[in-house]
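Shown next, in C-alpha cells, is the structure this report addresses.
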Amino acid sequence: MPVVTASTIAAARNGATHTRNDKQGKYRSDSPYQQRTVQRDNPAQTLIKQAVDQLIQQLEAGKSEALTTYLAAMARFHNYSFGNILAIAHQRPNATRVAGIRTWNEMGRFVTKGEKGIQILAPMLGGRRSRKEGDAGDQSETTAQPVLIGFRAVYVFDVAQTEGADLPEMEHSVSGDVGEHRERLIDFLAQQNIALEFNEKIAPALGVSYGGKIALLPGQAKAEEFTTLVHETAHELLHKAERRTMTTQTVRETEAEAVAFIVGQAVGLEMGNASSDYIQMYAGNAALLAESLEVIQLAASTILRAIRPEELAAANPIAAAS
C-alpha cells in the first residue's frame, strides 16, 4: 500500500483554505458526492468491503460509536494494512495488542484455551528471476526478486486472550503530554516545505491550512495545539491535490478530524467525546466511506511514522498485507 506524503499528493495545490473551528460541525457542502464504481477483486478488498458494509449498517442504526471504534483501532494498529485494521476492529473491537501464537510464546505468553483467533491476511511472496547484465563476454547473472503472488489467512490473538509472563509497559503512552511529538511534527512539516506560523487574526479558527502554509491560533493548550496542528497537516497531505472521488467540505473536515483523533489517541492524549461526536458522515455512501477511511489511515500512519520513528524497526511483517 502506498504511503501518503506531501510530495505525492500536494503537487496540485490550488490555494484553497481549510479551517478547524473551535465550534465543530459548522461546515457546508460545496460539491456533490460521487460514488466509486471500481471494486478490485481480491481477498483484501473483499475483507474491506465486508467491514465497511457492516459499519454502514451500524451507523444507519444510530450506533455512531462504531466509527470511533474503527478509528481507535487505526491508532493502535497503524503499522498494519488498512484491510487488516478493519478486520481486527470487526472481529475484536477492544483489541489493544495482537500477535501470532509463535510470537506470544517467545514472549513467555500462551493463548488461553478456547480463545478464537483474529483472522487477517498475510502476503505470499514468490521469487522471480531477473537478469543482471554484465560486461561483454561475461555470463549474465540472475537474482531472485520477491513478487506478491497472493494472500493467505493467518490468525493473531489479542493480549487479553493470552496468559503468562508480564509484558513491559508500552512506552509510547504519554498520558496527555505531547512530549517530543510536537517538535517532530514541526520538523516533518519543514521537510515537506510546509511553513508554520502563529497568527491571532485567524480567530475564531484554531488553525488554517493554506496549501504550503499552516497558521495556528496562539495561546492554545499544548494538547489542543498539537491536535489542531495534526488536523491542518492532514489537510495539507490529503486536500491540496485532486482526489479520485469528489468530496464535500464536510467530508474533508471529517477526514482531517479523524486523522487528529487517531494520532492524538496513539500518542496518549485523552481525546474525550468531542471528536467522536463530530465524526458523523456519509449518509450510507459505502464507497465514499471506504475511500475516506483508507486515506485517513494512510495520512495518520504517515504522521505517526514521522513523529514516532522508533516504531519503524518494530513493524510486524504481517502488517504489510494489503
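All of the numbers you see were taken from the coordinates with simple rules; none came from a lab. Source: prediction; values computed, not measured. Note that we place each Cβ from the backbone using ideal geometry, even for glycine, and neighbour counts take in every protein chain shown.
For PHE151, enumerate residues with amide H under 5 Å from its amide H, sequence gap 5+ or separate chain, H modeled in the peptide plane.
Residues meeting the criterion, in which the H sits 1.01 Å from N, are MET124.
Can you pull the one-decimal nm distance between simple spin-label points at GLU200 and LYS63, each 7 Å off the Cα toward Cβ?
Computed distance between label sites GLU200 and LYS63 equals 4.9 nm.
From the phi angles alone, apply the Karplus equation (6.51, -1.76, 1.60; θ = phi - 60°) to segment 90-100 and give each ³J(HN,Hα) in whole Hz, x where the residue is Gly or Pro.
5, 7, 8, x, 8, 4, 10, 7, 10, 6, x
Could you check the spin-label model distance between ARG184 and GLU224? Points 7 Å from the Cα along Cα→Cβ, value in nm.
Taking the simple label geometry, ARG184 and GLU224 are separated by 2.5 nm.
What distance in nm separates the two pseudo spin-label positions at VAL159 and THR46, each 7 Å out from Cα along the beta-carbon direction?
So the two model labels end up 3.4 nm from each other.
How large is ³J(HN,Hα) for each residue in segment 224-241, as worked out from phi by the Karplus curve 6.51 cos²θ - 1.76 cosθ + 1.60 (θ = phi - 60°), to whole Hz, x for Gly and Pro?
With coefficients 6.51, -1.76 and 1.60, one gets 5, 4, 5, 5, 4, 5, 5, 4, 6, 5, 4, 4, 4, 6, 9, 10, 10, 9 Hz.
Can you list residues whose amide H is under 5 Å from LEU196's amide H, if they're 5+ apart or on another chain and H is modeled 1.01 Å from N?
ILE214
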